[in-house]
Each structure stands twice: as C-alpha cells, then as structure tokens.
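Some notes on the structure that comes next.
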2 protein chains.
Amino acid sequence: MYGVTIHAPGDLRLEERTDPVIEKPTAAILRVSASCVCGSDLWDYRGINPVHNPTAMGHEYVGIVEQIGEDVKTIKVGDFVIGSFFASDNTCEICRAGYQSRCEHVEFVGGAQAQLLRVPMADGTLVATPGIPDADLIPSLLAASDVLGTGWFGAVAAEAGPGKTVVVVGDGAVGLLAILAAKQLGAERIIAMSRHVSRQKLALEFGATDIVEERGDEGVAKIKELTNGLGAHSVVEAVGTQEAMMQAIRSTRPGGHLGFVGVAHGIEIPGDELFFAGIHVHGGPAPVRRFLPDLIDRIWKREIDPGKVFDLTLPLSQVADGYKAMDERRAIKVLLTPGN
Amino acid sequence: MYGVTIHAPGDLRLEERTDPVIEKPTAAILRVSASCVCGSDLWDYRGINPVHNPTAMGHEYVGIVEQIGEDVKTIKVGDFVIGSFFASDNTCEICRAGYQSRCEHVEFVGGAQAQLLRVPMADGTLVATPGIPDADLIPSLLAASDVLGTGWFGAVAAEAGPGKTVVVVGDGAVGLLAILAAKQLGAERIIAMSRHVSRQKLALEFGATDIVEERGDEGVAKIKELTNGLGAHSVVEAVGTQEAMMQAIRSTRPGGHLGFVGVAHGIEIPGDELFFAGIHVHGGPAPVRRFLPDLIDRIWKREIDPGKVFDLTLPLSQVADGYKAMDERRAIKVLLTPGN
C-alpha cells in the first residue's frame, strides 16, 4: 500500500510501504476513506520538531474496517469508523473519567495519511457510524477525529455554555471548531480573534458574534472593552504559542475558565500572574473518544457541518501541495483522499 | 492606638499610630480582638519582598465593631465580626460569581496587627457571628479570616470530595487547614506531604490518612505508588515555590484537579508539561468571603477546630518574637492579642 512519509523538514514522499498486519488480537486494520493534514504536522514540516528518522505521517482518519483481531468485540468488518489520534482501552480508571487521551495503555496512532491503517485497541478507540455515510458527510466525520474533538474539548474545558461570553484565540481549524462547539453548547456571545477574512467568514458561519482583529495587549484591551472591563467567562487557546497563551490568560475574567488545546511549544506561564489572575485552566491533548458518539450523532443528524474547515481536497499523491498550502496559510485544512 | 510597623526586613516595631477614622460612609472601625502573623508576612520580614516604606502589618483579624459609616446596613456597632484580607463590595458581577478577592472595587485590608482597624466596604467584607463568642472560639474564628479560608479554597479548587484521594503539598497553617477542609468536604484519603513531626501530628488530627516525607521527584514517586501509578484526584499546593508547584502538578492524575493557594514566588510553569499533564489548575488569592458564613457556622457549632494551628500566643508588644518563631519554623502560626 501507499503512505506518506516525512524524511526531513519539507521533504514529504508518498511511498510504497508494507501493508499493516494485526499484531495484537485487539487491533483492527482500516481501509482509509479520508485523512488530512493537521496543524501539528506542520511542526515537523517546518523543522520546529526535529525529524530524526523517516516517519509515517497523519493521525486523523475515517475508514472502513477491513480486518479485526480475534479479541475485537464491538467493531465489525465493514463498519465505517472514526477514531482518535490516541488509541485507548476505554476501560481503565483514567478513560472512565473521560481522559482517554491519557489512557493507562495509550498508544499514538500514526501513519493515517495512507491507504491502510492499523488501529490498536479497536474496541476502545473506534466508534462506528450508524451506517455507511453519504459522501458529503465524510469531511465532517473526518473532522470529528481530531480538530472537531479538540475544539470541542477546548470549549468544554473553558466551560462554554448558556449565558457565557466565550473568546477563541486562534483561527485555525481547531479555533474555528471551538466556535462551533461553543455555539452548540449554548454560549451567548462568541468572540473570534482573527485577522484573516476567509476565516472570519467561517467563524461567523459557525456562530461567532464578534470578531476582534487586534492581538497581544491590544487584543486583550479590546476583549475587556467588550466585557465591561471584566474579561470573558470562557477563553479557548487554540494556537500553542507564548503570545496566544498570555493573550488567553489575560482575556479571562477572575473565576473564569481557560481551555487550552493548542499544542504548547516553548510556553512558560508566569506563576505569579496565573495566581493573581484567579482563573481556571484546563487543557491538553483532547480526549476525543469521550466526545465521538455525541459528535457523530450531531453530524449524522446534519445539525453541525464541521467539514467546512476543509477548503482544499487533494489525492494522497499531491500531499506535498497540501502541506505547502497549509504552511502558507492558503488553506485552513487539507483533506486527503486515498486515490491518485 | 498602637500597631505593628515594618521598617526594614527583620525590623518590626509596635508604634503609636493615629486612630483610624471613617473616611467613606461604607467603612467600619473595629477594635481588634485578635490578629496574627501570616506566612506571607514573612516574605517582607525576610526581605524577599522589598520594604520601601514603613508599612503597617497584618491582614487577618477578628474584632468588635466600634464605629460604622452612615451607609453601613448589615453590620452594627457591638457586633463581633470576621473579615478577609481583601475588602469586597460583594455585589459586583465578580463577587456574585464567588471571587470576592477579585472584586471590581477590591481593597487590601492592611494594618490588622493593631488595636484598631478600618475595614472598607464593611457590608460586603465583614460577617458577624451569632453573638459574642466564647474565648476558646476566637482562635478558630481568627483562622477563618485567612488561613482556614485559604486552605478551604485550595481544597475546593482541587475539587476534594467523596471518593477522592487528596494530596496536600505544604505543612504550614494553610496546608494543614486544607487537610481539615478536604476531610470536611468528604475526601476518602488525604495524603499530607510533611517532614516535621509536630505538623504531621496536627495533619493526622485534622484528617490526614497518610504522611509522605519525601519531596520533589521522590515525593511524586511515593504519591504514584500510593495511587496505583495514577496520581491523586486532587492536589493542593500551599507553598508557592517552583519545587512545590512542580511536585503538585506531577502528583495530579490526568483529568485531576490542582488547587494552588501558596502565593507564587518566581514560579514558571512549563506550558508543554502542563499541557501533557491534562490536569485542571485553579488558584489565587482565596475569596475568603465566599466561605465565611459556612466556616463561621461550622466553628460556632464546634464541628471544626482550625484554631489549633496557633501554637504560640503573644501580646502585640512581643510581635518581633512572634515573627522570629515563625521564621525559624518553631511556631506554625502566632496569634497576637492586643494587650501589652
């Protein structure tokens, strides 16, 4: 089968690889229907994360189950399934508390930008849709695998809900879907911090009520201005940089909630500032599995359309163009089809 | 009247000062029944916080109302009252959300180590007891003014409760009272991190079920050992140093809650570690006012005896000995009586 491998920053190749096999009786093999490029893939692509060895790329996927191990009980061959980038047993104490991304037996699922994918702990990781989805639902179901689940977790961690003013820092796919999540969770006012017209448009479609273009101290001042000087009840940080994190902390009112889901790179949070801010902070790699059944249900009923974040679709053979478009911010998010 | 002033690190004096007067119609003047020395007073005493000008010390107090401004409605002359170190209006949006220590009109209440004390916004700050308390209740009521309220907030922020394993980092008065709070909130197991025999004893009296003497990485390893490798559900950080904070973060299980109430000094929290920890963090200056009615009720009914943290009582005239005893950790907490 064919799959995408990164050999060095900027050097992506679609290569023939050995077909994955069932090594443990709890695993499943999927024929990938669609995968995509994640903002976090760009850390490797840009050389910010070192690339020591050729690495199979991609961790967001939907597909049809082609083979299952003998211990797999709930997932069947032929099911259309969605899973998270972290495989989980979904039975340990941490999973039962809703933190499947920190499962006691967690395994990273890599190599999804390929025709076939092995998923460990299939019963605890994969969720089947009610049937084979219509083609137009596939982008949204794929979004649930990571960016929607992550944005949703950000909004939940920020305790977005009725009566709340929510600020979203970051207008990438995760930030945009945190807006959609905040809206679904009933937030009264949703302020998107964005300076890109195309992203502002999608933010408004997803439920943003206000756009703030300013950043840093000016952005914080603007948020204060919009919230009677208090700051927002709920803030989602969906970038992962020092500037975005400080902007998020300073935009949250005392007693408010900050959900941070941007993978932190080089952030140092000053303890005294966090102390005197008096806010709640929660975040980390999203426990997508917690939310998958609910998200699939909302997508299946066409209540939400998170697939709109995919503004470029390419076959695997053009994967390099896809990374480039995202790196240059010409595309919000790139969907990859297994065809050539 | 007489009050304690710090002139330079280590230089404390009981001096004659002008009697406080009602400057705003919402203030009250108390005749202080008891005050005390706070761990945070030691930051000045030790010269870690700079002392630029002679400063009136003390921010924990109980007393009898001697005079009220014309706008004060709920507090009467002759009431025995307790207030927090932060005066609050208790009516603004932030106060109503339970964050009176970040009230929109917050004022610090300083100079409580004195015979008389002016408290701003008396209606929003002070809570009267049901009557004049018996003398033996005064230490516990005084504790409610800060250390009990702060320890309680730490336990609440850490979501201590039934079925939970709680770790308390720090065996000062706040840490010890976080143990008492966790017990009152129904925690199943309470692990005190302490290496001082006298404090371990009080920790056990307050409800600790386990003592861990190890610190740093060894302390974390011990906590993991006691919690099936997972870490605690709830951790209270009651010190305010880098080591204690990292020990607290690393002792919390994924999805668990860290309440931090040690006033942060020079702490830098690495964002990537916090991200991958997947924990909830909440803390800051305790909104003591939120808890005062409940705490007074529990003390009045003699359900709790937080006054046990005072292991040295001195008259104001011997205040310097009191600071020295706490600085040298010979005393857990020093109660100051207004007499000579």
Volume per residue that the Cα convex hull of the range B:211-291 spans, once the total is divided by residue count, Å³: 101 Å³
What dipole magnitude, in Debye to the nearest 20, does the range A:1-143 give about its Cα centre under +1 on Lys/Arg Cβ and -1 on Asp/Glu Cβ? 120 debye
Using 0.36 nm per residue of separation minus the Cα-Cα distance, give me the extension gain between B:Glu243 and B:Glu93 in nm, one decimal. 50.5 nm
Using 0.36 nm per residue, how much length does the chain from B:Leu204 to B:Phe108 gain when fully extended, once their Cα-Cα distance is taken away? 31.2 nm
Using a label point 7 angstrom from Cα along Cα-to-C-beta, what distances in nm, from shortest up, separate A:Glu213 from the other copies? 6.5
On a 0 to 90 degree scale, rounded to 10, what angle separates helix A:288-300 from the longest Cα axis of chain A? 90 degrees
Before we go on, tell me the buried accessible area for the A/B pair, both chains summed, 1.4 Å probe, in Å² to the nearest 100. 3000 Å²
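What is the dipole size for the protein assembly as shown, taken about its Cα centre, with +1 at each Lys and Arg Cβ and -1 at each Asp and Glu Cβ, in debye to the nearest 20?
680 debye
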Rounded to the nearest 0.05, what FRET efficiency do A:Arg17 and A:Ile132 have when you use their Cβ-Cβ distance and R0 = 22 Å? 0.25
Enumerate the whole-percent occupancy of each 5 Å bin, from 0 to the last occupied one, for all C-alpha pair distances of the range B:191-340. 2, 8, 13, 17, 19, 17, 12, 7, 3, 1, 0, 0
Take the residue pairs B:Lys308/B:Lys333; A:Lys201/A:Lys308; A:Lys201/A:Lys324; A:Lys183/A:Lys301 and return only those whose Cα atoms are more than 20 Å apart. A:Lys201/A:Lys324
Overall form of the range B:99-167 per C-alpha gyration tensor (a/c, 1.5; a/b vs b/c): oblate
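Sort B:321-328, B:29-36 by packing, meaning the average of other beta carbons within 10 Å per residue, with the highest value first.
Going from most to least packed, we get B:29-36, B:321-328.
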Work out the mean other chain Cβ neighbour count within 10 Å for the residues of A:262-270 and drop it here as an integer. 5
Among B:Leu258, B:Thr241, B:Pro315, flag the residue with its Cα farthest along the positive direction of the charge dipole of the range B:237-334, charges on Cβ as +1 for Lys/Arg and -1 for Asp/Glu. B:Pro315
Tell me the label-point distance for the pair B:Ile64, A:Thr74, using the 7 Å Cα-to-Cβ offset, in nm and rounded to one decimal. 6.7 nm
Quick one: putting +1 on the C-beta of Lys and Arg, -1 on the C-beta of Asp and Glu, what dipole do you get for the range A:137-253 around its Cα centre, in Debye to the nearest 20? 160 debye
Taking the protein assembly as shown on its own, what percent of its Cα-Cα pair distances exceed 44 Å? 30 percent
Partner shielding of B:249-257, taken as the mean number of other chain Cβ atoms within 10 Å, equals 4
Largest to smallest principal axis extent of the C-alpha atoms in the range B:147-218, angstrom: 25, 23, 21
The range B:1-108: mean projected area of Cα convex hull, nm²: 7.7 nm²
Please tell me the relative contact order of the range B:1-63 in percent, rounded to the nearest whole number, where contacts are Cα pairs under 8 Å and at least six residues apart. 44 percent
Given R₀ = 60 Å, FRET efficiency for B:Asp311-A:Asp294 by Cβ-Cβ distance, to 0.05? 0.65
Taking Cα atoms, the helix A:147-157 axis meets the longest principal axis of chain A at an angle in degrees (rounded to 10) of 40 degrees
Which whole number gives the average count of other chain Cβ atoms within 10 Å of the Cβ atoms across peptide A:97-106? 3
Heavy atoms only, probe 1.4 Å: what % of the accessible area of the range A:217-299 goes to carbon and sulfur, would you let me know? 50 percent
For chain A, taking Cα atoms only, what is the radius of gyration to one decimal and the Dmax to the nearest whole Å? 19.5, 60
Residue-averaged 222 nm ellipticity for the protein assembly as shown, from DSSP H runs of 4+ at -39500 (n - 2.57), nearest 500: -8500 deg cm²/dmol
7 Å from Cα along Cα→Cβ at both A:Arg215 and B:Arg330: what's the point-to-point distance in nm? 5.7 nm
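I'd like the per residue volume of the convex hull spanned by the Cα atoms of the range B:6-59, given in cubic angstrom.
Working: hull volume 6.2 nm³, N = 54.
In the range B:6-59, the Cα hull volume divided by residue count equals 115 Å³.
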I want to check the label-to-label distance for B:Lys301 and B:Glu273. Put each point 7 Å from Cα in the C-beta direction and report it in nm to one decimal. 4.2 nm
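Over 24 Å apart: what share of the alpha carbon pairs of the range A:52-162 falls there, rounded to a whole percent?
27 percent
What is the ratio of the Cα radius of gyration of the range B:109-238 to 2.2 N^0.38 Å, with N the residue count, to two decimals?
1.21
The values are calculated or read from the model by the stated rules, or taken from the named source; none is laboratory data. For clarity, every value in this text was computed on a predicted model and none was experimentally measured. Because the Cβ atoms are built from the backbone with ideal geometry, glycine has one as well, and the counts that use them run over all protein chains shown. Each accessible area value is taken on the protein alone, full model and side chains, heavy atoms only, with ligands, DNA and RNA left out. Shrake-Rupley method; radii C 1.70, N 1.55, O 1.52, S 1.80 Å.
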